[in-house]
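Q: Okay, here's the structure, questions in a sec.
The values are calculated or read from the model by the stated rules, or taken from the named source; none is laboratory data. Owing to the predicted nature of the structure, the values given are computational and were not obtained by experimental measurement. When we count neighbours, we look across all protein chains shown, and the Cβ atoms used for this are built from the backbone with ideal geometry, even at glycine.
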Amino acid sequence: MSRKILVVSDSHGYNGNLLEALSHFGKNGKDLEMLIFLGDSQGALEELEGFVACPVKAVRGNCDYGSDAPLVDFVDIDGETAMITHGHRYGCNSSTETLVDVAEANGASIVMYGHTHIPLVTSENGITVLNPGSISRPRQDGGKPTYLVITIEDDGRKNFVVVEMG
């Protein structure tokens, strides 16, 4: 049976869409293996942890004043190392080059970031680059809130899908 990881970013204190996204994964996200939050929650990490029954990994964004969450963290995703960060300290508004370089230097084959509020799923220099967009304040054409679902298949394949909300 496949496993799922929910990746979100940039709720900016508005959790209605996050709670709606979680509802697609059972009560309190019980069908999730993990929730990854890529910064700018503008709320306490404990609040995020209270929403779900699964482990939460979160990083601090540029609007998370007073947060003790790390700026960068590394997460094991079925044997692959993923670097998670908000991205604002890596020039992600203009390029993902620095993010990819730092991920590669740290042995990560996946890098996830937020900050731009624009979803992205791509590969650069063999590194999978993921941005879930914003769960509450989208900036891409069409203006729909988005999140990312990582599905780990039984054979180990990983699928990365951006989901548009209503």
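Q: In the set 96, 81, which member is under 19 Å from residue 160 (Cβ atoms) and surrounded by 16 or more Cβ atoms within 10 Å (Cβ to Cβ)?
A: Matching residue, one of 96, 81: 96.
Q: Another question about this same structure. Name the residues in the stretch 138-157 that are more than 15 Å from the chain's Cα centre (by Cα) and either of a type in the set (Lys, Arg) or assigned to a strand (DSSP E or B) (or both), would you?
A: Hits for the stretch 138-157 are 139, 144, 152, 157.
Q: Anything in the stretch 1-28 that is in contact with a Ser or Thr (Cβ under 9 Å, 6 or more places away or on another chain) and assigned to a loop (DSSP other than H, G, I, E, B)? List them, or say none.
A: 2, 9, 10, 11, 12, 13, 14, 15
Q: Would you call residue 10 touching a Lys or Arg at 6+ places or on another chain (Cβ under 9 Å) and on the phi > 0 side of the Ramachandran plot?
A: yes
Q: Can you tell me which residues in the stretch 37-67 are over 19 Å from residue 90 (Cα atoms) and among the β-branched types (Val, Ile, Thr)?
A: Correct list: 52, 56.
Q: In addition: Return the residues of the stretch 29-58 that are closer than 13 Å to residue 19 by Cα, assigned to a helix (DSSP H, G or I) and not charged (D, E, K, R); say none if nothing qualifies.
A: Residues satisfying the conditions are 29, 48, 50, 51.
Q: On to the next question. Would you confirm whether any residue within the stretch 5-13 is free of Cβ contacts under 8 Å to residues at least 60 places away in the same chain and within 14 Å of the chain's Cα centre (by Cα)?
A: There is no residue in the stretch 5-13 that is free of Cβ contacts under 8 Å to residues at least 60 places away in the same chain and within 14 Å of the chain's Cα centre (by Cα).
Q: Sticking with this structure for a sec: Every residue in the stretch 30-73 that is of a type in the set (Ser, Thr, Tyr) and surrounded by 22 or more Cβ atoms within 10 Å (Cβ to Cβ), please.
A: 41
Q: Which of the following residues is among the aromatic types (Phe, Trp, Tyr), under 17 Å from residue 147 (Cβ atoms) and out of contact with any Gly (no Cβ under 7 Å at 6 or more places or on another chain): 74, 37?
A: Numbers: 74 fails: under 17 Å from residue 147 (Cβ atoms).
The unique qualifying residue is 37.
Q: Is it true that some residue in the stretch 116-126 is part of a loop (DSSP other than H, G, I, E, B), exposed (fewer than 14 other Cβ atoms within 10 Å of the Cβ), in contact (Cβ under 8 Å) with a residue 24 or more places away in the chain and not hydroxyl-bearing (Ser, Thr, Tyr)? Reasoning before the result, please.
A: Quick first cut of the stretch 116-126, residues part of a loop (DSSP other than H, G, I, E, B) only: 116-119, 125-126.
Among the residues that remain, those that are also exposed (fewer than 14 other Cβ atoms within 10 Å of the Cβ) are: 125-126.
Next cut, in contact (Cβ under 8 Å) with a residue 24 or more places away in the chain only: 125.
With the extra rule that they be not hydroxyl-bearing (Ser, Thr, Tyr), the set shrinks to 125.
Yes, some residue in the stretch 116-126 is part of a loop (DSSP other than H, G, I, E, B), exposed (fewer than 14 other Cβ atoms within 10 Å of the Cβ), in contact (Cβ under 8 Å) with a residue 24 or more places away in the chain and not hydroxyl-bearing (Ser, Thr, Tyr).
Q: When you scan the stretch 73-101, how many residues do you find that are touching a helix residue (DSSP H, G or I) at 6+ places or on another chain (Cβ under 8 Å) and either over 24 Å from residue 46 (Cα atoms) or free of Cβ contacts under 8 Å to residues at least 40 places away in the same chain (or both)? Before you say what the answer is, go through the steps one by one.
A: The first filter runs over the stretch 73-101 and keeps only residues touching a helix residue (DSSP H, G or I) at 6+ places or on another chain (Cβ under 8 Å), leaving 83, 85, 87, 90-92.
Right, trim to either over 24 Å from residue 46 (Cα atoms) or free of Cβ contacts under 8 Å to residues at least 40 places away in the same chain (or both) and you get 83, 90-92.
Residues in the stretch 73-101 being touching a helix residue (DSSP H, G or I) at 6+ places or on another chain (Cβ under 8 Å) and either over 24 Å from residue 46 (Cα atoms) or free of Cβ contacts under 8 Å to residues at least 40 places away in the same chain (or both): 4 in total.
Q: Exactly one of (1) surrounded by fewer than 16 Cβ atoms within 10 Å (Cβ to Cβ); (2) at pLDDT below 95 is unmet by residue 105. Its number?
A: (2)
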